Amino acid sequence: MVNRQTTTFLKQRMEEAGIRPVSKFGQNFLIDLNLVNMIADSANLTKQDIAVEVGTGTGSLTGLIAQKAGRVITVEIDQNLSQLAQEELASFDNIIFLQQDALRNKNNLSSLLIETIREEMAGVDGARLKLVANLPYNIATPLITNLLTLDDIVPTSMTVTIQKELADRIVARPGTKDYGALSLWIQAQCSPEIVRIMSPQVFWPRPKVDSAIIHLETDFNKRRRIPDLAYYHRFVRNLFIHRRKLLRGVLVSVFKNELSKQQIDNVLEGLNLTGKLRAEQLAVPVVFELCERFREIQQQEDKAL
């Protein structure tokens, strides 16, 4: 299977199994074998690594990952595809198949997936967790975001295919149209790099948009600088609820009934963030510092109560 995921083979194999791609599950199979190999190679897998794949599909990428990583946990929501992949990959003894949704809900990963990751990592000295996947488009943002909220099983890297539009948002720089809460959340913790842009022609069925292979390398020194990840996550999302509003107006709205306008002005003046500034103009370190000033003020307010 590792060397056979072409359109002809996929159609034939699915016809034999009596199944077809299911659009609601975001099933677009990568049929360029060079790109399948590029995903696996870009992850830099070793036997110390526990690889997580979301979207097993027919198992083409899974097999390549299993040749490189110590253990593979692969998740597939489609029961028919999961069964097909297990048949194709029966010769591997280092793959754990989970037939389920990787998400419990929009803001949480599946508890079984988390438990399985913890169990596998506990069995390997110095284990590193890596996400390696051709992600279904509809799960990419919540999956990547939620993995970065975890404390004990944060991936050391994520190498995934996603919509190009999403990749552009992840790597966006301040002052650009794509720069926003997602950029700030990921760049505060990771070094992101777009490895390759891919046209719809390299998938079957063809999606309507371009895709990208993106590699996110977690910077644990950056992560350790964030004392309260949940607070930072809320803060950056709130900054972009009203994207075109000026920064001061947004902050007044965010902290309505919590902080006075004078307190907000004091923070902005202390960081020299006065004038007609918008959140989209602020670099990641500046937003982090702004977040910390407000977090500290709110902590002081809570202690005073």
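None of the figures in this text is laboratory data; all of them are computed from the coordinates on show. This is a predicted model, so every value here is computed, not measured. Every residue, glycine among them, receives a Cβ derived from its backbone with ideal geometry; neighbour counts consider all protein chains shown.
Summary of computed values
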{"item": "Three principal axis lengths of segment 77-134 [C-alpha, angstrom, descending]", "result": "32, 32, 19"}
{"item": "Karplus-derived HN-Hα couplings along segment 262-277 (A = 6.51, B = -1.76, C = 1.60, θ = phi - 60°), whole Hz, x at Gly and Pro", "result": "5, 4, 5, 4, 5, 5, 5, 5, x, 9, 6, 10, 9, x, 8, 9"}
{"item": "DSSP bridge pairs, the chain: antiparallel proportion in percent, nearest 5", "result": "50 percent"}
{"item": "Restraint check, Lys106/Lys222; Lys164/Lys208; Lys24/Lys208; Lys261/Lys303; Lys177/Lys256, Cα-Cα greater than 18 Å", "result": "Lys106/Lys222; Lys261/Lys303; Lys177/Lys256"}
{"item": "Sequence-distant residues sharing a close amide H with Leu103 (under 5 Å, placed H)", "result": "Ser110"}
{"item": "Segments 293-304, 139-150, 274-285 sorted - mean Cβ within 10 Å per residue, highest first", "result": "139-150, 274-285, 293-304"}
{"item": "Sum of -39500 (n - 2.57) over DSSP H runs of 4+, divided by residues of the chain (222 nm, nearest 500)", "result": "-12500 deg cm²/dmol"}
{"item": "Cα gyration tensor, segment 148-266 - rounded (a/c under 1.5), prolate or oblate", "result": "oblate"}
{"item": "Whole-number percent relative contact order across segment 147-296, with pairs defined as alpha carbons under 8 Å at least 6 apart", "result": "25 percent"}
{"item": "Trypsin sites (Lys or Arg not before Pro) restricted to segment 1-108 and DSSP loop, no more than 15 other C-beta within 10 Å", "result": "Arg4, Lys47, Lys106"}
{"item": "Relative contact order, percent, the chain [alpha-carbon distance under 8 Å, six or more residues apart]", "result": "15 percent"}
{"item": "Under Karplus coefficients 6.51, -1.76 and 1.60, residue-wise ³J(HN,Hα) of segment 239-256 in Hz, glycine/proline x", "result": "4, 10, 5, 10, 4, 8, 6, 5, 3, 4, x, 5, 5, 4, 5, 4, 9, 4"}
{"item": "Prolate/oblate/rounded label for segment 7-224 (Cα gyration tensor, a/c 1.5)", "result": "oblate"}
{"item": "Segment 15-20 - phi-based ³J(HN,Hα) in whole Hz, Karplus 6.51/-1.76/1.60, Gly and Pro as x", "result": "4, 4, 7, x, 10, 8"}
